[in-house]
Amino acid sequence: MKQELWLRQFFPAPDASVRVVLLPHSGGSATFYLPIARALAPVADVFAVQYPGRQDRRDEEPLRDLHALAELVAEVLKPGLDRPLVVFGHSMGGTLAFELAQRIPVAHLIVSGVRAPSHPLTDTIRLASDDALLAAVAGLGGTSAEVMADDELRALILPPLRADYVAAETYRWRSGPPLDTPITVCIGDSDPRTTVEQARAWAGHTTAPTTVEVFPGGHFYLVEHQQHVAEMVARGVRLVTPRGEVSEKPDHAVS
């Protein structure tokens, strides 16, 4: 399996002692993380995952099962496990990050805008009409009005978006032993999809410490708080940096 097909590296740092992998949300692509990847470049070797069915992979069939997607991404990441791995995932990407941590060693797991796996989604947005699906995503701050009004763009984003919603809404946690990985959970204080209680429930999925960080904002709070999110991921990187190696501070020029 070709790594370059799945992994996007905007600011290579091959000599960094820690690797960071960023997992997009439903309908999202690797380029969503460009500002955060830029900010993290001084402290880690950062990769963003590109799922099938979008942008340069638009001719591929998008996956509709998070367990199957996790298996594929895990295989792609295995060659890079010579360094500690920090994984960050937002929304559907957070659930995928958890599934990855059950398949490969993850030194620190950071999930964003997503409830604990033991609190599955009960939504059925995946069954809605195209207009209703896009309206629901726009209501969360994930799709602009310009996209909704452009027939060509709508045709490009709807297949992967609907497939991702199928994957996220039909996902069910397969009960098993908890991780031994520290987990940081980030949510917006007005996120309609994840409550603080549902975020705190992540503590039941690991024997290591769990931290919940609440930001002002909704489901896509991180768009307005990219610098703070990058700094939080950088803290996770420093915690797993091999002893004797010093990580630089992240670049503060995030826009």
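The values are calculated or read from the model by the stated rules, or taken from the named source; none is laboratory data. These numbers come from a predicted model, not from an experiment. Methodologically, a virtual Cβ is constructed for each residue, glycine included, from the backbone with ideal geometry; neighbour enumeration extends over all protein chains shown. Protein only, heavy atoms only, side chains kept; ligands, DNA and RNA dropped before computing areas. Shrake-Rupley method; radii C 1.70, N 1.55, O 1.52, S 1.80 Å.
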- [ ] Would you mind working out the magnitude of the charge dipole of the chain relative to its Cα centre, with +1 at each Lys and Arg C-beta and -1 at each Asp and Glu C-beta, to the nearest 20 Debye?
- [x] 680
- [ ] Choose one answer from 68, 13, 149: the residue with the largest mean-square fluctuation in a GNM of the chain with alpha-carbon springs under 10 Å.
- [x] 149
Open item on the list: Projecting each Cα onto the charge dipole of the chain (Lys/Arg +1, Asp/Glu -1 at the beta carbon, about the Cα centre), which of 36, 76, 221 comes out farthest on the positive side?
Closed with: 76
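Compute the relative contact order of the chain as a whole-number percentage, counting only Cα pairs closer than 8 Å that sit 6 or more residues apart in sequence. Don't skip to the answer; put the middle values down first.
Numbers: 513 pairs, mean separation 59.6, N = 255.
Worked out over the chain, it gives 23 percent.
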Open item on the list: I need the shape label for the range 1-153. Rule: rounded when a/c is under 1.5, else prolate if a/b > b/c, else oblate, with a, b, c from the alpha carbon gyration tensor.
Closed with: prolate
Task: For Kirkwood radius over Cα pairs in Å, calculated from these coordinates, the label among (1) 20.2; (2) 18.2; (3) 18.9 - done: (2)
Task: Net dipole in debye of the range 109-154 [+1 Lys, Arg Cβ; -1 Asp, Glu Cβ; about Cα centre; nearest 20] - done: 400
- [ ] Take the solvent-accessible surface of the protein heavy atoms, probe 1.4 Å, and return the percent of it on the range 93-154 that carbon and sulfur atoms account for.
- [x] 52
Task: Most positive-pole-ward Cα, 139, 207, 46, against dipole of the chain from beta carbon charges - done: 207
Open item on the list: Given axes a ≥ b ≥ c from the Cα gyration tensor, I'd like to know whether the range 107-255 is rounded (a/c under 1.5), prolate (a/b larger than b/c) or oblate.
Closed with: oblate
TODO: For residue 184, enumerate residues with amide H under 5 Å from its amide H, sequence gap 5+ or separate chain, H modeled in the peptide plane.
DONE: 109, 110, 111, 211
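Could you tally the net charge around residue 120, taking each other residue with its Cβ under 9 Å from the Cβ of residue 120, Lys/Arg +1 and Asp/Glu -1?
That works out to +1.
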Task: Solvent exposure of the chain as accessible area per residue, Å², 1.4 Å probe - done: 44
Task: Net charge over other residues, Cβ less than 11 angstrom from the Cβ of residue 91 (K, R count +1; D, E count -1) - done: 0
TODO: Could you size up the charge dipole of the range 143-246 around its Cα centre, putting +1 on the beta carbon of Lys and Arg and -1 on that of Asp and Glu, and report it in debye to the nearest 20?
DONE: 560
TODO: Give the long-range amide H neighbours of residue 18: residues separated by 5 or more places, or on another chain, with amide H under 5 Å away, using H modelled in the peptide plane at 1.01 Å from N.
DONE: 45
Task: Loop-resident sites, the range 22-130, for trypsin sites (Lys or Arg not before Pro), counting at most 15 other Cβ within 10 Å (DSSP) - done: 58, 103
Open item on the list: Can you say what percent of the DSSP beta bridges in the chain, counting only those with both residues inside, are antiparallel? Round to 5.
Closed with: 5
